[in-house]
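Enquirer: Below you'll find the structure I mean.
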Amino acid sequence: MGCSAHAAHAGHILEFLIERHGPDKKIDMGTFIELEAPNIRTVTGLKPETLGDLKTVIEYVYKEITHLLDSTHFGQEGSYLDYESKALHASMLDHVGMEVADIAQIVGFDFPTSVADTPMIDMGWEAVDKSKPVILLVGHNPATSCTLIDYLRENNLYDKVEVAGICCTALETTRYSDRAKIVGPLSRQLFFIRSGIADVIMTDEQCIRTDMPIEADKVDSRVIACLD
């Protein structure tokens, strides 16, 4: 399941960034990175040079996940060693999928790479300025949060709105803007929603409670659901 979730995220973010930059966008991981994709190179033998090359890699991951799922069908049982091998194979694919996602994000959103003096980020809900309207980001995909920050900057609204996040999206957003705040982890998601800290909650694709609209409505927070 984790491998599938990470691969799905990698596919979504890669599709978004190829649409924005084109498949020929060059991969540049910075001055001090000598090996840009150790997992991809080891598993597929491919040296990715563009975003389009990453599409070839993620399609390989998709295919292998399908084969792994097929092996669990009734009548396909092998020995326990066979299943242990498949579990390790899924773990290997997971690392490849995550690497596709992060390389795409670094290249497409210009996230910091090989830079030692990146800014420190404020954490915890006490770091959030509640005197401003608060947008709380929940999920796994920075396409939503980075687009939001671009909009706020372009319309001179960033000083007037507080942007914070929970779970993976929070971490990715702070790589795009050092003014974003990390409210807390996934395990405390319900607590932060029920606190009423958010005026608007934006969700994307993963790590989201199915009762989000119900809980948000109880504290008069508005929910904007993005992606699929």
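The values are calculated or read from the model by the stated rules, or taken from the named source; none is laboratory data. Source: prediction; values computed, not measured. In this analysis, Cβ positions are derived from the backbone assuming ideal geometry, glycine residues included, and neighbour counts consider all displayed protein chains.
Enquirer: Just wondering, is there one or more residues in the stretch 207-222 that are in contact (Cβ under 8 Å) with a residue 60 or more places away in the chain, outside any helix (DSSP H, G or I) and within 22 Å of Met1 (Cβ to Cβ)?
Expert: yes
Enquirer: Also, quick follow-up: Filtering the stretch 16-48 down to residues that are surrounded by 14 or more Cβ atoms within 10 Å (Cβ to Cβ) and free of Cβ contacts under 8 Å to residues at least 40 places away in the same chain, which residue is farthest from Cys207 (Cα to Cα)?
Expert: Leu46
Enquirer: A further question on this structure: Within the stretch 165-181, identify whether any single residue is closer than 22 Å to Ala8 by Cα, in a loop (DSSP other than H, G, I, E, B) and touching a Leu at 6+ places or on another chain (Cβ under 6 Å), and answer yes or no.
Expert: yes
Enquirer: Shifting gears a bit: Quick check on my filter: what residues within the stretch 129-169 are over 24 Å from Glu205 (Cα atoms) and in contact (Cβ under 8 Å) with a residue 40 or more places away in the chain?
Expert: Answer for the stretch 129-169, where residues must be over 24 Å from Glu205 (Cα atoms) and in contact (Cβ under 8 Å) with a residue 40 or more places away in the chain: just Lys130.
Enquirer: Right, another one. Within the stretch 141-163, track down each residue that is crowded, with 19+ Cβ neighbours inside 10 Å and either in contact with a Ser or Thr (Cβ under 8 Å, 6 or more places away or on another chain) or modelled with pLDDT of 90 or more (or both).
Expert: Asn141, Pro142, Thr144, Ser145, Cys146, Leu148, Ile149, Glu162, Val163
Enquirer: Follow-up question, since we're still on this one. Of the residues in the stretch 68-86, how many are assigned to a helix (DSSP H, G or I) and either out of contact with any helix residue (DSSP H, G or I) (no Cβ under 9 Å at 6 or more places or on another chain) or outside the structural domain of Glu15 (by TED's automatic domain parsing) (or both)?
Expert: Looking only at that region, the number is 7.
Enquirer: How many residues are of a type in the set (D, E, K, R) and touching a His at 6+ places or on another chain (Cβ under 8 Å) when one looks only at the stretch 175-227?
Expert: Matching residues across the stretch 175-227 total 2.
Enquirer: Moving on to the next point. Give me the pairs: first residue in the stretch 62-74 and at pLDDT 75 or above, second residue acidic (Asp, Glu), beta-carbon distance under 7 Å, and six or more apart or on different chains, which are they?
Expert: none
Enquirer: Name, by its number, the condition in (1) within 21 Å of Ala7 (Cβ to Cβ); (2) charged (D, E, K, R); (3) part of a helix (DSSP H, G or I); (4) without any contact (Cβ under 8 Å) to a residue 24 or more places away in the chain that does not hold for Glu126.
Expert: With (1) within 21 Å of Ala7 (Cβ to Cβ); (2) charged (D, E, K, R); (3) part of a helix (DSSP H, G or I); (4) without any contact (Cβ under 8 Å) to a residue 24 or more places away in the chain applied to Glu126, the lone miss is (1).
Enquirer: Any residue at all in the stretch 75-82 that is within 30 Å of Ser195 (Cβ to Cβ) and modelled with pLDDT under 80?
Expert: No, there is no match, as no residue in the stretch 75-82 is within 30 Å of Ser195 (Cβ to Cβ) and modelled with pLDDT under 80.
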